[in-house]
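S.K.: Got a structure here, written out as structure tokens. Questions coming.
The values are calculated or read from the model by the stated rules, or taken from the named source; none is laboratory data. Bear in mind that the values here come from a model prediction, so they are computed numbers and not experimental data. Because the Cβ atoms are built from the backbone with ideal geometry, glycine has one as well, and the counts that use them run over all protein chains shown. Accessible surface is based on the protein model in full, side chains and every heavy atom, while ligands, DNA and RNA are left aside. Shrake-Rupley method; radii C 1.70, N 1.55, O 1.52, S 1.80 Å.
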Amino acid sequence: MPELLAAHRAVGAFNFITLEVAEAVVAGAEAADTCVILQLSQNAIAFHGSLAPAASAALRLAESARVPVAVHLDHATEESLVDEALAVGIRSVMFDAAHLADAENLERTAAVAARVHAAGAWIEAELGEIGGKGAHAPGVRTDVEEAVRFVRATGVDALAVAVGSEHAMRERSARLDEHLIAELAAAVPVPLVLHGSSGVADAGIDGAVRAGMRKINIGTHLNTVLTAAVREELARDPDAIDPRRWLAPGRAAVAAEVCRLLDVISGRAATGHAASGTVAAGDGA
Ligand code: G3H
Ligand code: ZN
């Protein structure tokens, strides 16, 4: 993970639930010829019932990919799940205590960061509204000084910040606070992470990266793309029984969208953002 972030202006991080989506994320990154982060969330693990099967599949896919792929545990709220992820070989985790009051978030995150670092791994954390509240809601903003203090006190390697995005949006209509992103990037000494990027259009993602976002998390949008392609295929071929008949077009659609989004994140795709003005990224991230 640190190598990927150090070598690129920003890295796309895509959530997977099914094996086919994990395969599509890797295929999309190979088609874009760039690195990618494959994320498995605590919620996805709960769906499968345990961490090891999905995590092992992701680690094997990463090993055999033609581009660098980092496997990341996303939104872990349980310390025991972080320990389990480290034990199966995941080297990058997000410990999410942003729903707690800030003091408790800081204390628990610092303790987990120490354990993760002792294992030689990398940790992302999240800082919500002062006073404690989930970070990803349209009106919530991370305070710059609070973010700096939180990173120094916990020792985390990356920070998820609240800048206007929201989780699980079905439309790409969120408006991000690019000036705040630039201020945070200039002041916070670790890479910034944008969660809820499914709700952000291409130009907004490009603007966020230009302003200093370094890890772009996308989940819901891939579910939308997968399900639309599967619906279309089942409508076209209502007699299909073998799941490969409808999973293959779903997987291909997700791979194509991952490839397209990685071009946006890496700055290779024109999004029109620069025409409306660019916020300079700070040196701090
Ligand atoms: O941690 C994962 C991301 O924040 C995904 O959010 O499903 O709204 O894109 P999203
Ligand atoms: Zn998230």
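S.K.: Name, by its number, the condition in (1) open to solvent by 10 Å² or more (accessible area, probe 1.4 Å); (2) of a type outside the set (Gly, Ala, Ser); (3) more than 16 Å from ligand 2 (Cβ to nearest atom); (4) over 16 Å from the mean Cα position of the chain (by Cα) that does not hold for Asp157.
M.R.: Only one criterion in (1) open to solvent by 10 Å² or more (accessible area, probe 1.4 Å); (2) of a type outside the set (Gly, Ala, Ser); (3) more than 16 Å from ligand 2 (Cβ to nearest atom); (4) over 16 Å from the mean Cα position of the chain (by Cα) is unmet by Asp157, namely (4).
S.K.: Among the numbered criteria (1) crowded, with 18+ Cβ neighbours inside 10 Å; (2) within 16 Å of ligand 2 (Cβ to nearest atom), which one does Asn43 miss?
M.R.: Checking Asn43 against (1) crowded, with 18+ Cβ neighbours inside 10 Å; (2) within 16 Å of ligand 2 (Cβ to nearest atom), the one that fails is (1).
S.K.: Is the stretch 64-71 home to any residue that is under 14 Å from Glu124 (Cα atoms) and within 14 Å of the chain's Cα centre (by Cα)?
M.R.: Yes: one or more hits.
S.K.: For the stretch 100-118, check the following and say yes or no: at least one residue is over 28 Å from Thr224 (Cβ atoms) and assigned to a loop (DSSP other than H, G, I, E, B).
M.R.: There is at least one residue in the stretch 100-118 that is over 28 Å from Thr224 (Cβ atoms) and assigned to a loop (DSSP other than H, G, I, E, B).
S.K.: Then there is this: Would you check if Leu73 is closer than 22 Å to Leu261 by Cα and not in a loop (DSSP other than H, G, I, E, B)?
M.R.: For Leu73, the condition - closer than 22 Å to Leu261 by Cα and not in a loop (DSSP other than H, G, I, E, B) - is met.
S.K.: Another question about this same structure. If you go through the stretch 3-19 one residue at a time, do you hit one that is in contact (Cβ under 8 Å) with a residue 24 or more places away in the chain, away from ligand 1 (no atom under 16 Å from the Cβ) and more than 18 Å from the chain's Cα centre (by Cα)?
M.R.: no
S.K.: While we're looking at this one, here's another question. If I ask for residues that are part of a helix (DSSP H, G or I) and over 21 Å from Leu4 (Cβ atoms), which ones from the stretch 76-99 would you list?
M.R.: Glu79, Ser80, Leu81, Asp83, Glu84, Ala87
S.K.: For the stretch 196-205, give me the residue count where each residue is touching a residue at least 40 places away in the same chain (Cβ under 8 Å) and crowded, with 24+ Cβ neighbours inside 10 Å.
M.R.: Counting residues in the stretch 196-205 that are touching a residue at least 40 places away in the same chain (Cβ under 8 Å) and crowded, with 24+ Cβ neighbours inside 10 Å gives 2.
S.K.: Filter the stretch 164-195 for residues that are in a loop (DSSP other than H, G, I, E, B), over 21 Å from Gly272 (Cα atoms) and either within 15 Å of ligand 2 (Cβ to nearest atom) or open to solvent by less than 30 Å² (accessible area, probe 1.4 Å) (or both) and give the result.
M.R.: Matches in the stretch 164-195: Glu166, His167, Ala168, Met169, Val188, Val190, Pro191, His195.
Residue by residue, here is whether (1) more than 16 Å from ligand 2 (Cβ to nearest atom); (2) part of a helix (DSSP H, G or I) holds:
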position	(1), (2)
Ala203	yes, yes
Asp206	yes, yes
Arg210	yes, yes
Ile216	no, no
Leu222	no, yes
Val225	yes, yes
Ala229	yes, yes
Ala235	yes, yes
Pro238	yes, no
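S.K.: Looking at this structure, is Arg115 in contact (Cβ under 8 Å) with a residue 12 or more places away in the chain and open to solvent by 70 Å² or more (accessible area, probe 1.4 Å)?
M.R.: Yes, satisfied.
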